[in-house]
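The values are calculated or read from the model by the stated rules, or taken from the named source; none is laboratory data. Fair warning: this is a prediction, and the values are worked out from it, not measured in the lab. Don't worry about glycine lacking a Cβ; one is built from the backbone with ideal geometry, like all the others, and counts go over all protein chains shown.
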Amino acid sequence: MREYIQATIAMLAVINPMVCGMMLIEYQNPSTVRKNIFEGLKAMGLIFLILVASAIAGPLVLSYYGIGMEAFKIVGGMILGFIGFQMLGPGNTNEEKASKMDFNKVILFGASPGSIAMVMTLAAKHNPNHLLPYIALFGTGMAIILSIATIIPIQLFGKLKGPQIISRFMGLIIICMGIQFLLDGIKDFFFMYPS
């Protein structure tokens, strides 16, 4: 059960529904609340499809190119750690970037390279034999449901206070998970190729 919860938190952190909701609300006026909710639902649906495809096909693509899962865990952990440090940094936050984006950028933000790296890393970590990555899929599905449950109230009630604090807390979680994935990759490498 712990793996399912961790996968959900990890995917929720990289999708970052607070930022997605604020990206939509920047273009909102009272007559477009319903449109924003519809756009948010549509964006979350497309993000879900992209991440599911990445979870299922990603390990197969890596295998085709001869990239070992342990190497991907190391690189994926480094990418996630970098993303987490960016979320922790002051000033140039994701919320500030979000205000300059349009509706279509919600999809690019939610299904970013970081999100794809996360779902592929989860698939590699929990399904080393290329079986259906059910833990990564569960985490992605739950993160999308929770994202929808976050985005709709933001559109209905306006901007929420403290999104930077939440984003930085999620950044800390991503850093910790990235380091854990990196360490798992190093351990797997030395276990598979002992000296």
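Comparison of Thr140, Thr121, Thr93 shows that the only residue that is surrounded by 15 or more Cβ atoms within 10 Å (Cβ to Cβ) and modelled with pLDDT under 75 is Thr93. Looking at segment 16-30, is at least one residue in contact (Cβ under 8 Å) with a residue 24 or more places away in the chain, outside any helix (DSSP H, G or I), among the hydroxyl-bearing types (Ser, Thr, Tyr) and out of contact with any strand residue (DSSP E or B) (no Cβ under 9 Å at 6 or more places or on another chain)? Yes. In segment 143-195, the residue that is nearest to the chain's Cα centre (by Cα) out of those that are modelled with pLDDT under 80 and among the basic types (Lys, Arg) is Arg168.
Within segment 179-191, residues that are touching a residue at least 24 places away in the same chain (Cβ under 8 Å) and closer than 13 Å to Ala71 by Cβ reach partners that are among the basic types (Lys, Arg) and assigned to a helix (DSSP H, G or I) with beta carbons closer than 8 Å, at six or more positions or on different chains, in the pairs Phe181/Lys73; Phe181/Lys125; Leu182/Lys73; Asp184/Lys73; Asp184/Lys125; Gly185/Lys73; Asp188/Lys73. Note on segment 29-61: among residues that are loosely packed, with under 14 Cβ neighbours inside 10 Å and polar (S, T, N, Q), the one that is farthest from Ile154 (Cα to Cα) is Ser31.
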